[in-house]
């Protein structure tokens with residue numbers, strides 16, 4: 001297979017996922033506003049809102065879950081650099097491919113598959129907050145799990161294609 005074609009597909013996938021992730025990152029602005037508002041209400045007026053407090057957790061969860069996609073695209077995720085930094089470029093690509101195929105994809109794939117029942121059951125029963133003043137429609141925040149894990153699987157696929165393309169590249173093959 002042509003490494004240029006693989007890189008083009010990976011680049012396009014990354015571009016779409018990056019644009020989506022940067023759009024979702026705006027939830028952090030809303031999170032900051034919600035936190036400041038809650039602090040002012042609690043400290044200044046001795047009265048907070050349960051719904052606003054729950055909204056903070058929901059916004060934070062969405063930011064973190066979709067943020068994982070962004071860090072994977074930029075290759076900024078945590079890894080054991082103590083070993084990784086000593087590897088040749090070729091070995092790094094093999095470790096990346098096998099690590100994603102044997103560890104990351106099975107874990108996130110299991111999360112993705114099993115999260116649909118979790119979200120559906122929440123939607124089916126009309127799950128709301130345990131607090132009467134809390135947020136309703138709990139299935140929306142639970143829906144972030146399959147959405148973000150599905151996008152993360154796409155990011156993994158893009159990373160694998162990118163590593164395969166690098167291994168097929170003549171520059172990588174010349175390296176010992």
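Things worth noting here:
- Options 55, 7: the member that is in contact (Cβ under 8 Å) with a residue 60 or more places away in the chain, under 21 Å from residue 157 (Cβ atoms) and over 13 Å from the mean Cα position of the chain (by Cα): 7
- When the stretch 32-50 is filtered for residues that are within 29 Å of residue 152 (Cβ to Cβ) and touching a residue at least 12 places away in the same chain (Cβ under 8 Å), the ones remaining, listed by number, are 34, 35.
- Residue count, the stretch 40-93 (criterion: surrounded by 12 or more Cβ atoms within 10 Å (Cβ to Cβ) and in a helix (DSSP H, G or I)): 32
- If you check 134, 143 for being in contact with a helix residue (DSSP H, G or I) (Cβ under 7 Å, 6 or more places away or on another chain) and without any contact (Cβ under 8 Å) to a residue 60 or more places away in the chain, only one passes: 143.
- Residue in the stretch 112-124 that is outside any helix (DSSP H, G or I) and out of contact with any strand residue (DSSP E or B) (no Cβ under 6 Å at 6 or more places or on another chain) present: no
- Failed condition for residue 15, given (1) more than 13 Å from residue 152 (Cα to Cα); (2) in contact with a helix residue (DSSP H, G or I) (Cβ under 6 Å, 6 or more places away or on another chain): (2)
- So residue 109, is it part of a helix (DSSP H, G or I), within 21 Å of residue 70 (Cα to Cα), modelled with pLDDT of 95 or more and out of contact with any strand residue (DSSP E or B) (no Cβ under 9 Å at 6 or more places or on another chain): yes
- Considering (1) farther than 28 Å from residue 170 by Cα; (2) over 20 Å from the mean Cα position of the chain (by Cα), the lone condition that residue 84 does not fulfil carries the number (1).
The values are calculated or read from the model by the stated rules, or taken from the named source; none is laboratory data. Bear in mind the structure is a predicted one, so any value in this text is a computation, not a measurement. Because the Cβ atoms are built from the backbone with ideal geometry, glycine has one as well, and the counts that use them run over all protein chains shown.
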